[in-house]
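Enquirer: This is the structure I have questions about; it appears just below.
The values are calculated or read from the model by the stated rules, or taken from the named source; none is laboratory data. Note that this is a predicted model, so its numbers are computed, not measured. Cβ coordinates were reconstructed from backbone atoms using ideal geometry, including for glycine residues, and neighbour counts include every protein chain displayed.
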Amino acid sequence: MPKKIRLGILGGGGDSLIGILHRVASQINDNYEIVGAVFNPDIKESIAFAKEIDVPTDRIYKDFDTLIEEEMKLPANKRIQVCSILTPNFLHFPMALKLIENGFHVICEKPMTTSLEEAKILQKAHEKAGTVFALTHTYTGYPMVRQMREMIKKGALGKIHKVDAVYYQGWINEIIHDKKKRSTVWRLDPKKAGISSCMGDIGTHAFNMIEYTTGLKIKSLLTDFNYLYKDNKMDVDGTVLIRMGDHVKGVIRSSQVATGEENGLGISIYGEKAAFKWEQENPNFLYMLSDSKPTQIYKPGHAYNSKLSLEGTKLPPGHPEGIFDSMANIYLGVAKAIRGKNYNDGEFPTMTDGVRGMNFVEATVESNKGGNVWVELEK
Ligand SMILES: NC(=O)c1ccc[n+]([C@@H]2O[C@H](COP(=O)([O-])OP(=O)(O)OC[C@H]3O[C@@H](n4cnc5c(N)ncnc54)[C@H](O)[C@@H]3O)[C@@H](O)[C@H]2O)c1
């Protein structure tokens, strides 16, 4: 058994949503040990939390700059090898840049940055450093999402002509209708979230899901946002028409005010031979539709699945695995990359996906601002 990879955590404190997902996922395949962190901006809270989850407190730092400074003083075989960035969006860029420039590997939450310009700076620094960089589009870790990607690559759907990706949530309803509450949420604050709420937070997952599964690149788009209130600066709902080619089109439907919806990410991909339908809330069922045959259901763990899909399953068929396992599969791929082992490029989203994602978010905002016009994405 190789030594565990020394993991640092930025953000993801006891008060956070996503922290527990990363902590548990990092432990699932026994590859990582959390050795250092800045869980919260308040050192007392960080230390209290470290004690609560039994992480040694000697490398809980008061802030990110101190973490870098102190870790760089340690010998390479003691130093944090990879840091997970789980803070609100505006901190991803400065943290990732400094980590990359100092030779650390990075696991970064999405959206990668708050602008395309920042994303490109990060990309340049990363090219120079040659370290590992993973972007946690969590849902790409699901075995059935990986199965779609592999089967589409092999031509199971034939030529794709229509894609429909949806990501509906309803949680902002409770906040958006109350002016006071609106100002308390970082996802509705452009200084902390970036130029978009809905598209930046969840539309990017739908965008990434399309490019990940189909292998197609979205070339242009037209967006219609809903802000609900005049004084709300951030989109909370948006519909995006997308074009991947002359006769290859689709739609991304994304909302944070879809009343009653929980975490409704789904994708339908229609090709000349067959179609795939998959939903995040029932991730172990992949439906294959055909005009001439009854619908087939693919499930994880069966030998008929691809190697990439099977490697994302730990138990025999019929033992449901979920979001923690999906994120764990991303951490597993990153562990292989850090250890210099072979891995499939579908095992974790990369810097390229991050740049594409920011290009997408900016293009949706530009399209909407310009009066719902078509905007080209960079090639
Ligand atoms: N991959 C996914 O499916 C997914 C899901 C949810 C959130 N996210 C992303 O994860 C990130 C965090 O989201 P969240 O919902 O957990 O946010 P959150 O507000 O619940 O938690 C943010 C955490 O960061 C900490 N923090 C804030 N400033 C800090 C600083 N300067 N130094 C250290 N820690 C600091 C906070 O104390 C808190 O613990 C966001 O970028 C979000 O887009 C991704």
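Enquirer: Is it fair to say M288 is in the same structural domain as H161 (by TED's automatic domain parsing), in a helix (DSSP H, G or I) and either of a type in the set (A, V, I, L, M) or modelled with pLDDT under 95 (or both)?
Expert: no
Enquirer: Would you mind telling me which numbered condition in (1) within 13 Å of the ligand (Cβ to nearest atom); (2) β-branched (V, I, T); (3) over 25 Å from E117 (Cβ atoms) I34 fails?
Expert: (1)
Enquirer: Hey, another quick one. For region 69-84, enumerate the residues that are hydrophobic (A, V, I, L, M, F, W, C), touching a residue at least 24 places away in the same chain (Cβ under 8 Å) and away from the ligand (no atom under 15 Å from the Cβ).
Expert: Answer for region 69-84, where residues must be hydrophobic (A, V, I, L, M, F, W, C), touching a residue at least 24 places away in the same chain (Cβ under 8 Å) and away from the ligand (no atom under 15 Å from the Cβ): M72, V82.
Enquirer: When you scan region 266-285, how many residues do you find that are more than 16 Å from G250 (Cβ to Cβ), in contact with a strand residue (DSSP E or B) (Cβ under 9 Å, 6 or more places away or on another chain) and either buried (at least 18 other Cβ atoms within 10 Å of the Cβ) or not assigned by TED's automatic domain parsing to the domain that holds E150 (or both)?
Expert: Residues meeting the conditions: 2.
Enquirer: Quick one: which helices (runs of 4 or more DSSP H) sit completely within region 19-77 and have at least 2 residues that are over 27 Å from the mean Cα position of the chain (by Cα) and in the same structural domain as F104 (by TED's automatic domain parsing)?
Expert: Hits in region 19-77: 43-52, 64-73.
Enquirer: Kindly provide the set of residues from region 189-224 that are more than 24 Å from E118 (Cα to Cα) and either buried (at least 16 other Cβ atoms within 10 Å of the Cβ) or β-branched (V, I, T) (or both), ordered by number.
Expert: Selection gives T213, T214, L216.
Enquirer: From the list T57, T87, which one is under 22 Å from G14 (Cα atoms), free of Cβ contacts under 8 Å to residues at least 60 places away in the same chain and not basic (K, R)? Outline the logic, then answer.
Expert: Details: T87 fails: free of Cβ contacts under 8 Å to residues at least 60 places away in the same chain.
That would be T57, the only listed residue that is under 22 Å from G14 (Cα atoms), free of Cβ contacts under 8 Å to residues at least 60 places away in the same chain and not basic (K, R).
Enquirer: Suppose we filter region 268-307 for residues that are within 10 Å of M144 (Cα to Cα) and hydrophobic (A, V, I, L, M, F, W, C); how many remain?
Expert: Residues that pass the stated criteria total 3.
Enquirer: Scan region 331-377 for residues that are more than 19 Å from L222 (Cα to Cα) and more than 20 Å from the chain's Cα centre (by Cα) and jot them down.
Expert: R339, G340, K341, N342
Enquirer: Is it fair to say L91 is within 13 Å of the ligand (Cβ to nearest atom), farther than 23 Å from G301 by Cα and either of a type in the set (S, T, Y) or crowded, with 21+ Cβ neighbours inside 10 Å (or both)?
Expert: no
Enquirer: In addition: Name every residue in region 168-197 that is within 28 Å of N359 (Cβ to Cβ), away from the ligand (no atom under 13 Å from the Cβ) and among the hydroxyl-bearing types (S, T, Y), in order of residue number.
Expert: Y168
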